[in-house]
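Contents: one structure, followed by commentary.
The values are calculated or read from the model by the stated rules, or taken from the named source; none is laboratory data. Worth saying up front: this structure is predicted, and the values here are computed from it rather than measured. We place every Cβ from the backbone using ideal geometry, glycine too, and count neighbours over all the protein chains shown.
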Amino acid sequence: MDNMLNKYLITAVLTLGMLNASAQNSKDIIVNPGKVVSALKPEMWGVFFEDINMGADGGIYAELIKNRSFEFYKPLMGWSPKGAQLKEGDLLVLNRKEKDSNNPRFLHVKSRGSSKGDLNISNEGFKGIGVKKGLTYDFSVYYRQAAAGVKLHAELVDSTGKVLGSAVLIPERADNQWALQSVTFTACETVQKAKFTLWFEGTGEIDLDIISLFPGDTWKKRKGGLRGDMVQMLADMKPGFIRFPGGCIVEGYDLSTRYQWKKTIGPVENRKLIVNRWNTEFAHRPAPDYYQTFGLGFFEYFQLAEDIGAEALPILNCGMACQFNSAELVPLDELEPYIQDALDLVEFANGDVKTPWGKVRAEMGHPAPFNLKMMGVGNENWGPQYLERLALFTKAMKSRYPEIKLINSSGTDPEGERFDLLNTSLRKMKADIIDEHYYRAPDWFLNNATRYDSYDRKGSKVFAGEYAAQSVGTTKPTNKNNWQCAIAEAAFMTGLERNAEVVNMASYAPLFAQAEGWQWTPDMIWVDNLHVYGTPNYYVQKLYSLNKGTDVVSIEADHRVIAGEDGIYASAVTDSKTGELIVKLINTSAAAVTRNVVIEGGKKPGAKGKLTVLQNANLDAVNSFSNAINLSPKEQVLKVKGNSISLAMQPYSFNIIRVPVK
C-alpha cells in the first residue's frame, strides 16, 4: 500500500514538474534582473540636431527677422520698402566689405516723413511672425547717424494692418559711430502670421544694421536666445547627448560652404552668414531664402547641451565636401588647418581660461569648462580618401588629447561596398566608435533587431547616429511620421538596448521641421510659428530615454532573445538608482497577445508597478498640430502576482513595465 502511495506521489510530482517545465518552456517571457549582460552608457539615447527644415534660423534660434543684416544673395530678400514719400535713393543697401568682411552690408535711410505711410520697410519673418498676446518683444538695432532727427517706430501688424504691439526708438547717439539700442513692447493679440514694420518719422539720414526682434519667452529668458518651447521638448526627453551641427551641413555643398566652428563664436554681430546647403538641395522643396546666420553657434550648442544635462557631440569637417555634390577634397599636405580646428575646439570646450581658446569661451560668459568627451571626424564620408584623412586626424588628436573619444563615419548606408570597406578598415584601426546610419523601410528595422547580436563585443563600439523608418522611401517628400514607422523603430531599439555592450549611443534624425519650411521627411518634432508637437517617433525616443536604466539584463523566451517571433520584440534593464526593473515589450502584430512575464534569479518584485503603453490599432496614425497627442503614452497601475505579471499586449503596442525589485 505504501509503495503504491509512493508511486502516486512520485508520479504527481513528476507530472507537476513537467507542467511547470512546460509552462517555463512555453512562450513565457523570462527576465533575470540578477543576470547583468552589460552596463548601459548614461549617454545611450540622445538627439541629433542639424540645421535642416529651418531647424535653426526660423526654428530653434528665436530671431523673428529674416535677413536682419541684409547679407542674403538678394540684399532686401524678406523686406518690402513702401511709402508715399519714398523716392529713388531713400533706401540704399551699402557695402563696407573692405572694413567689415563678416558683416559688410547695411541700410542707409533718408527720411522726410511724419507718418507711417510716408516711409517704411516691412519684414515678412520666417513664414510669417508668430505673435502671442501678453508676450513682450525685444526690438534692437545697430544704427549710425551724424545728426539727430529720425525716430524709429517698430510695429508688429497683422494681415489687415492692425497694430499688435509697437514701440518708438529714439536714437541716443549722433556722433557718426555705430551704436546698439533696444526697446521692449507687449503684444495685445495672438496671431499666427504677422509681419514686422519699421517706419521713420522726422527729417534726416541714418544707417541701420542687424535689425532684430526676439520674443520674451526664450529658453531661460536669455536675450537673443533659443525658442523656449522647442528646447523644452528636448529637455523633456532628458537626452544623454546632443550631436551637432550636422549632418550634411558639416560638409557643405563644397568646401566654401562647409561648417567652420570658429566663425560661429564671439559677438553675434561678427559672425559671418553663409548659405545653407539645403537651400537648393531638393527640387521639390527649393528654399532660396535659407541661410545660416550662426546666431546659434558652437558656444550656444555647448550651452544648450549643458542646460539639459546632455553630453556635447560636435562633428567637424575632415577636409571633404559632400561627396554627392562637389566631392571636393583638401590635399593631404594642406590638411593641417582642419586638424588644428579640431585640436582648438577641445581647448575651447575644456581649456583653462588662460589658454587662447579657453579665454574666448570665458569672454563669452562661460569660464568653467564644458567637459567635452567626444568628437566626430567627418559626416557620412566614405572611401579610401576618408580613411587617409581620418588617420591624420586620429594621430594628432590622440597624441594631444588621448582621452577624447573619436566617432568615425561608416558612410551613408548600413551595408554595401562603402560600408564593408569602412567597417573593416576602421576596426583594424581600432576606431573608438563607428557611426552607422540607416534610413530604410519599416520592415528593415523589424528584420534587423538582431543586427548587433553577432558583433564583436571587444572591438570598436557603434553609434547609431542617424536612423528613421521611411514610410514611402528615402528622400521622398510624402514620407509620414506614422505609427508604422515609429513602432518599427521601437522594435529595432530593443536590439540596440540588448546590445548596449556594442552600441553605446543612438539618435533619430532629423530632429526638427518647420511646417512650411521643411526639405526632408520624416522628422521627429514639427513646429510652426506658435506651436510644437512631437510625432509618434518622438514619443518612442522619449520613452526609451526616460526608461533608460543603468544595466542591461537577460530577457528570453524559450532560451532565445525575443526579436520577432509572433511579432514580439523585447529588452530589459535595471536601474540601480531607483531599484527598478524596466521591461520593454513591443507587439508589432495585428492581434492582441498575452504573455506571462516571469521574474527569476532570486529577485523579488514588488506587488505593484507601472505600465506605460503607446498604442494605436491604425498603423497610419499620426499626430498633428490640431491633435498633438493623438498617439501618446498612457500610464496605469500594474499588479504583480508572486514573481509573475500577466501582460495583455494590444495590437501594435509599445509596452513598458516598471516594477521595484529586491
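Restricting LEU335, LEU313, LEU343, LEU329 to those that are among the aliphatic types (A, V, I, L, M) and buried (at least 22 other Cβ atoms within 10 Å of the Cβ) reduces the list to LEU313. Do you know which of the residues in region 472-494 that are surrounded by fewer than 24 Cβ atoms within 10 Å (Cβ to Cβ) and of a type in the set (Ser, Thr, Tyr) is nearest to LEU585 (Cα to Cα)? Result: THR474.
Hey, does region 73-84 have a residue that's on the phi > 0 side of the Ramachandran plot and more than 30 Å from the chain's Cα centre (by Cα)? Taking every residue of region 73-84 in turn, at least one turns out to be on the phi > 0 side of the Ramachandran plot and more than 30 Å from the chain's Cα centre (by Cα). Taking region 245-284 as the range and being among the hydrophobic types (A, V, I, L, M, F, W, C), closer than 27 Å to LYS359 by Cα and assigned to a loop (DSSP other than H, G, I, E, B) as the test, the residues that pass are ILE265, LEU273.
From the list PRO245, PRO288, PRO267, PRO331, the lone residue that is within 20 Å of ILE525 (Cα to Cα) and of a type outside the set (Phe, Trp, Tyr) is PRO245.
Residues are listed down the side, and each one gets a yes or a no for (1) over 18 Å from ALA62 (Cα atoms); (2) free of Cβ contacts under 8 Å to residues at least 12 places away in the same chain:
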site	(1), (2)
PRO267	no, yes
ASN276	no, no
GLU281	yes, no
GLU306	yes, no
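Okay, residues lined up against (1) among the β-branched types (Val, Ile, Thr); (2) touching a residue at least 12 places away in the same chain (Cβ under 8 Å); (3) in a loop (DSSP other than H, G, I, E, B):
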{"residue": "VAL360", "(1), (2), (3)": "yes, yes, no"}
{"residue": "GLY365", "(1), (2), (3)": "no, no, yes"}
{"residue": "ALA368", "(1), (2), (3)": "no, no, yes"}
{"residue": "LEU372", "(1), (2), (3)": "no, yes, yes"}
{"residue": "GLU380", "(1), (2), (3)": "no, yes, yes"}
{"residue": "GLU388", "(1), (2), (3)": "no, yes, no"}
{"residue": "PHE393", "(1), (2), (3)": "no, yes, no"}
{"residue": "SER399", "(1), (2), (3)": "no, no, no"}
{"residue": "PRO402", "(1), (2), (3)": "no, no, yes"}
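For region 46-54, the condition of being at pLDDT below 95, over 30 Å from VAL503 (Cβ atoms), out of contact with any Pro (no Cβ under 6 Å at 6 or more places or on another chain) and assigned to a loop (DSSP other than H, G, I, E, B) holds for none of the residues.
In region 617-630, is there at least one residue being over 15 Å from PRO33 (Cβ atoms) and touching a helix residue (DSSP H, G or I) at 6+ places or on another chain (Cβ under 6 Å)? Checking region 617-630: at least one residue is over 15 Å from PRO33 (Cβ atoms) and touching a helix residue (DSSP H, G or I) at 6+ places or on another chain (Cβ under 6 Å). Out of curiosity, is ALA607 modelled with pLDDT of 95 or more and either within 18 Å of SER653 (Cβ to Cβ) or out of contact with any His (no Cβ under 8 Å at 6 or more places or on another chain) (or both)? For ALA607, the condition - modelled with pLDDT of 95 or more and either within 18 Å of SER653 (Cβ to Cβ) or out of contact with any His (no Cβ under 8 Å at 6 or more places or on another chain) (or both) - is not met. Here LEU76 meets each of (1) more than 30 Å from MET524 (Cβ to Cβ); (2) buried (at least 19 other Cβ atoms within 10 Å of the Cβ) with one exception, condition (2). Those residues that are surrounded by 19 or more Cβ atoms within 10 Å (Cβ to Cβ) and touching a helix residue (DSSP H, G or I) at 6+ places or on another chain (Cβ under 6 Å), I need them from region 422-447; list them, please. If the condition is that a residue be surrounded by 19 or more Cβ atoms within 10 Å (Cβ to Cβ) and touching a helix residue (DSSP H, G or I) at 6+ places or on another chain (Cβ under 6 Å), then ILE434, PRO442, PHE445, LEU446 are the ones that fit.
For region 528-563, residues that are surrounded by fewer than 22 Cβ atoms within 10 Å (Cβ to Cβ) and of a type in the set (S, T, N, Q) total 5.
Confirm whether ILE315 is within 14 Å of GLU50 (Cβ to Cβ), of a type in the set (A, V, I, L, M) and touching a helix residue (DSSP H, G or I) at 6+ places or on another chain (Cβ under 9 Å). Considered against the rule, which asks whether it is within 14 Å of GLU50 (Cβ to Cβ), of a type in the set (A, V, I, L, M) and touching a helix residue (DSSP H, G or I) at 6+ places or on another chain (Cβ under 9 Å), ILE315 comes out as yes.
Among the residues of region 456-483, those identified as farther than 27 Å from LEU619 by Cβ, in a loop (DSSP other than H, G, I, E, B) and either charged (D, E, K, R) or in contact with a strand residue (DSSP E or B) (Cβ under 7 Å, 6 or more places away or on another chain) (or both) are ASP456, ARG457, LYS458, SER460. Out of the residues in region 83-92 meeting the condition of being touching a strand residue (DSSP E or B) at 6+ places or on another chain (Cβ under 6 Å) and surrounded by 15 or more Cβ atoms within 10 Å (Cβ to Cβ), tell me which one is farthest from GLU269 (Cα to Cα). Within region 83-92, the match that is farthest from GLU269 (Cα to Cα) is GLN85.
Considering each residue of region 404-421, count those that are assigned to a strand (DSSP E or B) and touching a helix residue (DSSP H, G or I) at 6+ places or on another chain (Cβ under 9 Å), and give that number. Count: 3.
For beta carbons closer than 7 Å, sequence separation of 6+ or different chains, a first residue in region 96-124 that is within 18 Å of ARG68 (Cβ to Cβ) and a second that is hydrophobic (A, V, I, L, M, F, W, C) and in a loop (DSSP other than H, G, I, E, B), the qualifying pairs are ARG105/PHE70; PHE106/PHE70; LEU107/PHE70; ASN123/ILE65. Quick check: is even one residue across region 297-307 assigned to a loop (DSSP other than H, G, I, E, B) and either farther than 30 Å from LYS223 by Cα or modelled with pLDDT of 95 or more (or both)? Yes - at least one qualifying residue is present in region 297-307.
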